[in-house]
Structure formats: C-alpha cells, structure tokens
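*Asks:* Handing you a structure now.
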Number of protein chains: 2
Amino acid sequence: MSAQTPASESDRTTLATVRSIVGLRAAVAAWRREGLSVGLVPTMGALHAGHLALIRRSRADCARTVASLFVNPTQFNDPKDLKAYPRDEAADAALFAAEGTDLLFAPPADEVYPAGFATQVRVTSLGDCLCGATRPGHMEGVATVVAKLLNQVRPDVAYFGEKDFQQLQIIRRMATDLDLDVTIAGVATVREPDGLALSSRNFLLTPEQREIAPALHRALSAAAAELAGGASAGPAMEAARAAILEAGFRAIDYLDLRAEADLAALEGPDRPARLFAAAWLGDVRLIDNEPVESGG
Amino acid sequence: MSAQTPASESDRTTLATVRSIVGLRAAVAAWRREGLSVGLVPTMGALHAGHLALIRRSRADCARTVASLFVNPTQFNDPKDLKAYPRDEAADAALFAAEGTDLLFAPPADEVYPAGFATQVRVTSLGDCLCGATRPGHMEGVATVVAKLLNQVRPDVAYFGEKDFQQLQIIRRMATDLDLDVTIAGVATVREPDGLALSSRNFLLTPEQREIAPALHRALSAAAAELAGGASAGPAMEAARAAILEAGFRAIDYLDLRAEADLAALEGPDRPARLFAAAWLGDVRLIDNEPVESGG
C-alpha cells in the first residue's frame, strides 16, 4: 500500500489500492493531518463515463479522491442479477487511475460484512416506492452499505449519479437523519448520443436490445415535454408506457410522476418533479428518470 | 456556551449546556483541536447513581466528558410510559455538574427529529428477542437515536450500563456493523443495598412496590447460583418465576437464559450467559439481568 504518497498526475496507470478498513482509515488520516479535503465516489465497478464524471466532480471539488469498488451483495434481491453483474477490477482500476483517483478501496465481502453482521438501515416512505417496491430489500441494502462507507471514509463530499435518483434521495435523507457530517452531491446523468442513460447493465444487452434501449428515455422525454406543456398526466404517461412496450421492452415495473424532494406520487408537476421508469429488456432491467418542468 | 473553557472542579454547580448539534460539534471540535479525548454518556435524565458511575468511568478514561439528556420518544412503544417518564433537567444538570461533566447536550425533539425524518436503524436477531419482542419498535428507536448521537458527538468512548444488557449488546453490534469509530464500554449495574438495580423507573414505584421490587433480583440471583451449581435450567427458572409472582409482581414479560455474545436462547450456561427478566409491578415495568457462571 503506497497510499501515503498519492500521485496526482492524471496520466498514471497504477493506483494505490487498499482492501481493509484499517488501511483505508490510515490513508485518509494521513491526508487529514495535511488538512486536505476528501471526496468519495462509491461504485460497484463496471465503470462507464457516468462514473468518471463523478470522479471528475470530486477532483474539481476536493484535494483527494477515494473511489470504492464493491459489488454489494445485500442490494441484489435476485441472485442471478448478482451473479451476472459485470466485474473487471483491473480494467476499472486503470480507468480510475487515468482520471487521477488518489486511492481505490476495494474490500472483500467479509471485510464489509464480517460474521455476525446484523444491522439494517432503512429509509421509510422514500425507500418504499419505485425500486423499493419492486426490488424488496434493495434500498435497505443500499442505505446500509452507503452508511457504512461514509463512516469508513468520512469524506467531506460523496458523489452519486442522478440516474439512480431515488437512491440519491434516500442517501441524502439517510445522511441527514443519521447526522453524518458529509455533503451528498448529485451529478447529472451521462447519456449516449441516442439518449440511453449510461449504466453498467447496458453491458449485458445484446446488440438488438441495445438498439431498442433508447426508447425508454425517448418515451420519458416525450411525456416530460407534454407535461411541461400542460398535458394531463394520465394520457401522457399511458402513451409513454405504450411506446416503451411497442419498442420491444418486455415489461414495465413502474412509470411514475413523483416529487423530487420526497418522491410523493403526483397528478401533475405542481412542484419540482420527475418521471421515473423501470422496464425489462429480456432479462435486463433498465431504469431512467427525467425532470419535468413545472407549469404549462 | 462556555464549552471552550470547561471547568474541571467536581464541586461546580453550573454546567455548559448546548441544545443544537451545531453548538455541540463546535464545542467538541475545539477539544479535538487541543488533542483531547472525548467520552460520551447518553442518558434520558432522571439520574441516579448508575448514571453517575458512567460519568465517573468516562472522566477516568477521557479528557473531556459529554453527557446527553434526551427523552427519546421513538423508543417508547407506550405513550403513557413516555408521558410518565420522570423529567427534571435542572436537578439532572446539577448532578452532572457535581460529577465534573464538561458539557451537557440537551436538544429539543425537533433538533433530533426534524420534519421529514425517515430513517430507522435495526439490529436483527439481537434486537428481536427479550425487550425487542415485548416492546415493538423499542430497540429500533434505541439503535437509531444512539447511532445519531454517536455521529453527533463522535466520541472516543461511549458508556452504557449493563442493567440494559440487551441494549448494550445491540449498540455494540450496531456500532461495529456501521463502522462507527468508537469504543462502546459497558459499566456494571449499580444496585441498592437490597439488590434492586438502579433505574429511573424506580422513582415511579409506590412505597409498597418499592418493598416488593428487590424480589426480581433475588430470584435471578438464586436461579443463577443454582445454574452455576449444575441445576437444570427448567426447574430453576420456574422457581424464579414463581418467586417473582409470589412476591407481588403482576406479570412477567420474560425470564430467559441467553448467551451474552449474541443473546441466543440457551438450555444451560455452556458459554458466557445471563438470566434476563422483565416484570410488572402494577403499571411499572422493571428489568434486570444476572450473569451465570458456566460449568457446575
């Protein structure tokens, strides 16, 4: 572990890596003694440009950036999904290094969940709708592992993508409620030129499915524009559902209009609102969300 | 707030008091800049010699001691119990001050639970038996408020009485599981000369009930001695139950032999074990526990 001497050049290709919480804390403590600020970018690996945008934001804001790489088993409600989740630490480490990440925290599962582990963090209401309703235990798994990670690293700022907007809001609520002394920063979704939100799950799509996938965002954008123009939510969202299924998605888990702040279900965009959707392309579940301008 | 210049004489009678998390953090941060260690003694007030033993332990271990006083509504499953809970901040502050406490944190409820609060911390298994089974929501309330408090103060050590042994073990588990960088210290139960465990609820007993109350500890001690001597658990615990009811307790919520480490139910003291009991004297619910020597 050479975390005591982090390189800051953005062109290096190796990256100081720690696998224990003790090693992580020692590295962060050394930075703290120098008075340096610390940003954290939690990931499950399978990096894409969305993750790298988080690293860039952290590097712009903070003197040092820690990335974590941990495929958290407790947030997978489906063992098949956990098994299929793409993993390539060497490739991920090279991408983190190229972006100038200062330290990679890549713990084994038993470092995160030792024998006897028994604690769950749950955010009610925010965590009970959308993916919380369709993926039992998922949001508890996320809230718990992020609470741990925030306590392990104790960063000044932690960065999360708006693509997982419900997760972002749950983490904000959890960090506030548990008095974690950290800023939770949301970073705008990065998209392919055809509008598809970047996601590690996109790697699992067949070429045919990849062609169909942008229909999800297209439908959300069209409905968001209609709602912003004053259309009623019912017909606009029905049209979006039909368009998604017609494009070739197998099923829709949800397509909802909800308030940004508390994810309350809305009849119209009378306060800051987003359309949220989760839909299945074969065995791959994609999610996306789109802000809706209020008024009309 | 004069927390920056804490008095250390044990005979002072006023005490620096903060009511906001911001004020608390500023006071603790000032100590940290001086390199001072910090102990925390969480209380719900209604102080007795058991609490003061926690303060003394903290003062022996740590350079500065914070006491908190907050009657946490979320851990009361019964609104009547919350309403009846004894409250006298001025008297408590004088007792804390006399023991040399450096800072009192006594927040109002909306500082701890602002509008929109939605997070619960739950310790499974450990939290599902004993008082967790008989007081729904109680242990979640405790685990959540203590997680918050540990994050608010960030002490080196936090002190809890062994009288609430299940609570102590839940807090240990929670602090370990959530990677809170703190030592949880258990302090032996303080008892009246007749064996009654000190408890804020003792203040609610009538003189007649106060006469009866030591029967709880007497029965646990007798059963623990029998078990240590090799007696079977069944008859020894039946005798304890009968003695408690015969003495004048109205009902027994539980009387269990359990492992200290994980509170698993035991048939005999084949590993470090305790007898745990909760019983009702009129409308007052008393709890106690007694270690059982293994072997026999």
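The values are calculated or read from the model by the stated rules, or taken from the named source; none is laboratory data. Note that this is a predicted model, so its numbers are computed, not measured. Reconstructed Cβ throughout: ideal geometry from the backbone, glycine too, with neighbour counts over all protein chains shown.
*Asks:* Mind checking which residues of the range B:170-191 are buried (at least 18 other Cβ atoms within 10 Å of the Cβ), assigned to a helix (DSSP H, G or I) and not hydrophobic (A, V, I, L, M, F, W, C)?
*Replies:* Across the range B:170-191, the qualifying residues are B:Arg172, B:Arg173, B:Asp177.
*Asks:* Would you check which residues across the range A:121-169 are more than 13 Å from chain B (Cβ to nearest Cβ) and among the charged types (D, E, K, R) and list them?
*Replies:* Scanning the range A:121-169 gives A:Arg135, A:Asp156, A:Glu162, A:Lys163, A:Asp164.
*Asks:* On to the next question. Residues that are under 20 Å from the mean Cα position of the chain (by Cα), crowded, with 22+ Cβ neighbours inside 10 Å, within 18 Å of B:Ile252 (Cα to Cα) and modelled with pLDDT of 95 or more: does the range B:200-214 have at least one?
*Replies:* Yes, the conditions are met somewhere in the range B:200-214.
*Asks:* Identify the single condition in (1) touching a strand residue (DSSP E or B) at 6+ places or on another chain (Cβ under 9 Å); (2) within 14 Å of chain B (Cβ to nearest Cβ) that A:Asp181 does not satisfy, given that it satisfies every other one.
*Replies:* All conditions are met except number (1).
*Asks:* State whether the residues of the range A:154-164 include one that is among the small types (Gly, Ala, Ser) and more than 27 Å from A:Glu192 (Cα to Cα).
*Replies:* Within the range A:154-164, the subset among the small types (Gly, Ala, Ser) is A:158, A:161.
From what is left, the residues that are more than 27 Å from A:Glu192 (Cα to Cα) are none.
Scanning the range A:154-164 turns up no residue that is among the small types (Gly, Ala, Ser) and more than 27 Å from A:Glu192 (Cα to Cα).
*Asks:* Still on this model: Scan the range B:32-85 for residues that are in contact with a Lys or Arg (Cβ under 8 Å, 6 or more places away or on another chain) and on the phi > 0 side of the Ramachandran plot and report the count.
*Replies:* The total comes to 2.
*Asks:* Go through B:Val153, B:Val145 for me and flag whichever is out of contact with any Cys (no Cβ under 7 Å at 6 or more places or on another chain), over 23 Å from B:Val284 (Cβ atoms), assigned by TED's automatic domain parsing to the domain that holds B:Cys62 and among the hydrophobic types (A, V, I, L, M, F, W, C).
*Replies:* Of the residues listed, the single one that is out of contact with any Cys (no Cβ under 7 Å at 6 or more places or on another chain), over 23 Å from B:Val284 (Cβ atoms), assigned by TED's automatic domain parsing to the domain that holds B:Cys62 and among the hydrophobic types (A, V, I, L, M, F, W, C) is B:Val153.
*Asks:* Can you find a residue that is part of a strand (DSSP E or B) and farther than 26 Å from B:Ala261 by Cα anywhere in the range A:123-139?
*Replies:* Within the range A:123-139, one or more residues are part of a strand (DSSP E or B) and farther than 26 Å from B:Ala261 by Cα.
*Asks:* Right, here's the next one. Against the condition over 23 Å from the mean Cα position of the chain (by Cα), buried (at least 18 other Cβ atoms within 10 Å of the Cβ) and of a type in the set (A, V, I, L, M), how does A:Ala278 come out, does it pass?
*Replies:* no
*Asks:* Within the range B:210-233, which residues are touching a strand residue (DSSP E or B) at 6+ places or on another chain (Cβ under 8 Å) and closer than 16 Å to B:Asp288 by Cα?
*Replies:* B:Ile212, B:Ala213, B:Leu216, B:His217, B:Ala219, B:Leu220, B:Ser221, B:Ala223, B:Ala224 - these are the residues of the range B:210-233 that are touching a strand residue (DSSP E or B) at 6+ places or on another chain (Cβ under 8 Å) and closer than 16 Å to B:Asp288 by Cα.
*Asks:* OK, next. Could you check how many residues of the range A:108-120 are in contact (Cβ under 8 Å) with a residue 60 or more places away in the chain and either part of a strand (DSSP E or B) or within 11 Å of another protein chain (Cβ to nearest Cβ) (or both)?
*Replies:* Of the range A:108-120, the ones in contact (Cβ under 8 Å) with a residue 60 or more places away in the chain are A:108, A:111.
Remaining after also requiring either part of a strand (DSSP E or B) or within 11 Å of another protein chain (Cβ to nearest Cβ) (or both): A:111.
Result for the range A:108-120: 1.
*Asks:* While we're on this one: Sort out which residues of the range B:85-107 are touching a residue at least 12 places away in the same chain (Cβ under 8 Å), surrounded by fewer than 21 Cβ atoms within 10 Å (Cβ to Cβ) and more than 28 Å from B:Gln169 (Cβ to Cβ), and write them in order of number.
*Replies:* Hits for the range B:85-107 are B:Asp88, B:Glu89, B:Ala91, B:Ala94, B:Ala98, B:Gly100.
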